[in-house]
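> Provided herewith is a single structure, encoded as C-alpha cells, for subsequent inquiry.
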Amino acid sequence: MERLKIRSRIILSLIVILSVFSSCKDEEETTPPANNKPDPELAKNIAINNWIKAVMEEAYFWLEDMKTPIANTARPESYFESFLFKPTDRFSAIYPNYQELISSLSGVSTESGYEISLLRESESNENVIALITYVKKGSPAASNDLRRGDLISQINGSTMTLNNYQSLLRERSNQHSVTFRRPDEAGQFGAPQTVTLAAIQIEENPNFLDSIYVIDNQKIGYVVYHFFAPGVNNPTTNQMDTRYDAEMDEIFAKFKAENINQLIIDFRYNGGGYVSSAVNLASLIVPNFNSDKIFSKTKYNSFLSRFPTFQNIQTKFKEKSENIGNQLADGKIYILTSSRTASASELIINGLKPYLNVVIIGAKTTGKNVGSVALEDEDNPDNNYGLLPIVTKSFNSLDQSDYGDGFIPDEEISEFQFFPWRDFGDVRDPLLKSALDKITGTSTPGARLKLEDRIMIGSSLDSKIRSGVMLEDNSNFKNYREK
C-alpha cells in the first residue's frame, strides 16, 4: 500500500481560513553567490520548500488542479502560494511560526482588546474610520472605557487613510493611542477623545455573553459566541484544555434548568474554530439525540480517498446531559450572522439543518465549506512554519454542501444601518430585536440611521488566524501514519 509521506504533526485541526496572510511577492530563482560557497539561507529555503511540496502533492484538496510551483529556492511563502488553485482556493495559508499559530487559534494574542470594522469616511475623500465592534473583558480597551460603537479616526495621532490604514493597524500590537468619538442617543458622534492603550497578552474567552429573556409565555436563551475553541493551548505540552467547552455546557445547563423554549445564537463575528467545539455546541442543541445521528461528513482528495482511513468519515453528535433540543418550540433556532460568520459557524448551520428549522437573521455568511489541517515539520528544527492547505470538504447528514457562496439570511439586516450601536444583549440591537420579534410575533420600529452609504473595506477580524477556521480531529491522519 502506498503510504502518506507527510512526516508532520497534524494537531487537532481542520481549518477554514478567510484570507491568506502572506503578502510576499513571488520571487525569482536566487543566483548562487559568486564565490560558489553554499548559501545557508538558500539551503534552508530549499529544505522547507521540499517539505511544502511533499505535503501539497498528497494532501491538497484540489490535487488535479494544483499549479506548477516556482523555483524551490524562493521564500517559502511565495513557494507555497504558487501551488494554489486560485481563485477557487481563497483560504489555504502559511504562517512563519507554528506555535504562535496554534496559540492564536485558541484566542491568545498580544493586543489591547478591541475589534473594529473599517469603512471609508466618504466617497469624496480617502479617509478611513473604524467602528469598535466589541471590547474584550479585562483588556486595556475595557479599562479605558472604550465601547462598542465608538468611532476611531486616528491611531497614534495619524488620521487613517486608504494609503496608510494597514500600516497604522499594525501599530495596535504595541502600546498605542486612539482618537475616538462616541455617539449619543440620536446617533450623532461627539467630540474627539484620545486614550493610550497598552498591548498585553490576552486569553480571549469566546463565550462572550449569555442571557435569558422572559417575554409573554416565551423563555428565550441568548448566547454570543465569538469563535470555536475548547480552551487554551499549552505551548510546552502542545495540549489544549477544555475550559471554554465546559463553560458552554454550564450555560446550557442553566438554560435547561430555566426551561427555555427558544434559542438565539449570535455568530455575527464568529469566523470559526475547532470542529470539536462545534460538535459540542451542536450536541447541546440537536433534538431527539441518538448515537447514530450524523453531524457532518468529511471528504478528502482523490489520492487520500483511495485509503480506508480517509473514506466515509462521519462525525456523530455526542450525548450531552445539558441538551435542550426537545425543549425548543416548533423545532426552531435563530442564528444571527454577518459577512464575518464563517466555517465552523457555517458548519453548525449546515449540520443542524436536517434536524431543526434554522432561521438566519443578518447578512450573508462568508461561504466556507472546505477545510485544512494544521501541519508542522517535526523532522527539521530549522523549519518553524505552520502550513494550512485546504484538504477537505464538509457535508451534512443529507450530503449537502451547497454553501460555498454563503448562507443567505431569512431576514437580511445590516447593523451599519442602525445607530447608535447597542451593547450585546440589549433588546434594541437590531439583529437581536428581529429574532425576539419573530419569536413573540410582535414588531416595534427601531431607529435606523444610515451611515451615509459608507463603504465597508475590512475588519480587524480578517487578520485573525482563526478567521475562517474549522479544526477537526486528526486521528485519521495519525492512525494512517502509524501503520
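The values are calculated or read from the model by the stated rules, or taken from the named source; none is laboratory data. Remember, it's a predicted structure, so these values are computed and weren't measured experimentally. Note: ideal-geometry Cβ built from the backbone for every residue, glycine included; neighbour counts use all protein chains shown. Heavy atoms of the whole protein, side chains included, go into the accessibility calculation; ligands, DNA and RNA do not. Shrake-Rupley method; radii C 1.70, N 1.55, O 1.52, S 1.80 Å.
So that you can scan it fast, the table gives a plain yes or no per residue for (1) within 29 Å of MET66 (Cα to Cα); (2) open to solvent by 10 Å² or more (accessible area, probe 1.4 Å):
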residue: GLY273; (1), (2): yes, no
residue: ALA282; (1), (2): no, no
residue: PHE289; (1), (2): no, yes
residue: ASP292; (1), (2): no, yes
residue: THR298; (1), (2): yes, no
residue: PHE303; (1), (2): yes, yes
residue: THR309; (1), (2): yes, yes
residue: ASN312; (1), (2): yes, yes
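> Please pick out the residue among ASP437, ASP429 that is modelled with pLDDT of 90 or more, more than 18 Å from LEU118 (Cβ to Cβ), out of contact with any Lys or Arg (no Cβ under 8 Å at 6 or more places or on another chain) and open to solvent by less than 40 Å² (accessible area, probe 1.4 Å).
Within the list ASP437, ASP429, the selection yields ASP437.
> Going by the conditions given, is THR194 open to solvent by 60 Å² or more (accessible area, probe 1.4 Å), part of a loop (DSSP other than H, G, I, E, B) and out of contact with any Cys (no Cβ under 6 Å at 6 or more places or on another chain)?
no
> Those residues that are more than 25 Å from GLN314 (Cα to Cα), touching a helix residue (DSSP H, G or I) at 6+ places or on another chain (Cβ under 7 Å) and modelled with pLDDT of 95 or more, I need them from the range 333-358; list them, please.
Once the filter is applied, which keeps residues that are more than 25 Å from GLN314 (Cα to Cα), touching a helix residue (DSSP H, G or I) at 6+ places or on another chain (Cβ under 7 Å) and modelled with pLDDT of 95 or more, the range 333-358 yields TYR334, LEU336.
> Separate question: Is there any pair with a first residue in the range 195-209 that is more than 19 Å from ASN174 (Cβ to Cβ) and a second that is open to solvent by 50 Å² or more (accessible area, probe 1.4 Å) whose Cβ atoms are under 6 Å apart and which are 6 or more apart or on different chains, and what are they?
ASN207/GLU247
> Can I ask one more? Restricting the range 100-137 to residues that are more than 18 Å from the chain's Cα centre (by Cα) and of a type in the set (S, T, N, Q), which is surrounded by the most Cβ atoms within 10 Å (Cβ to Cβ)?
SER112
> Could we say that GLY231 is in a loop (DSSP other than H, G, I, E, B) and open to solvent by less than 20 Å² (accessible area, probe 1.4 Å) here?
Here the answer is yes, as GLY231 does meet what is asked.
> Also, I was wondering about something else. Quick one: in the range 148-185, of everything that is in contact (Cβ under 8 Å) with a residue 40 or more places away in the chain and closer than 21 Å to ASP423 by Cα, which residue is surrounded by the most Cβ atoms within 10 Å (Cβ to Cβ)?
Restricting to residues being in contact (Cβ under 8 Å) with a residue 40 or more places away in the chain and closer than 21 Å to ASP423 by Cα, the top hit is PHE180.
> While we're here: For ALA253, indicate whether it is free of Cβ contacts under 8 Å to residues at least 24 places away in the same chain and either open to solvent by 30 Å² or more (accessible area, probe 1.4 Å) or not in a helix (DSSP H, G or I) (or both).
Taking the combined requirement at face value, the residue does not satisfy it.
> Now, a different point. Which ones in the range 256-292 are assigned to a helix (DSSP H, G or I) and not small (Gly, Ala, Ser)?
Hits for the range 256-292 are LYS256, VAL275, VAL279, ASN280, LEU281, LEU284, ILE285.
> In the range 293-409, which strands (runs of 3 or more DSSP E) lie fully inside it and hold 2 or more residues that are closer than 27 Å to ASP462 by Cα?
Answer list for the range 293-409: 294-299, 332-337, 357-362, 370-377, 386-388, 390-395.
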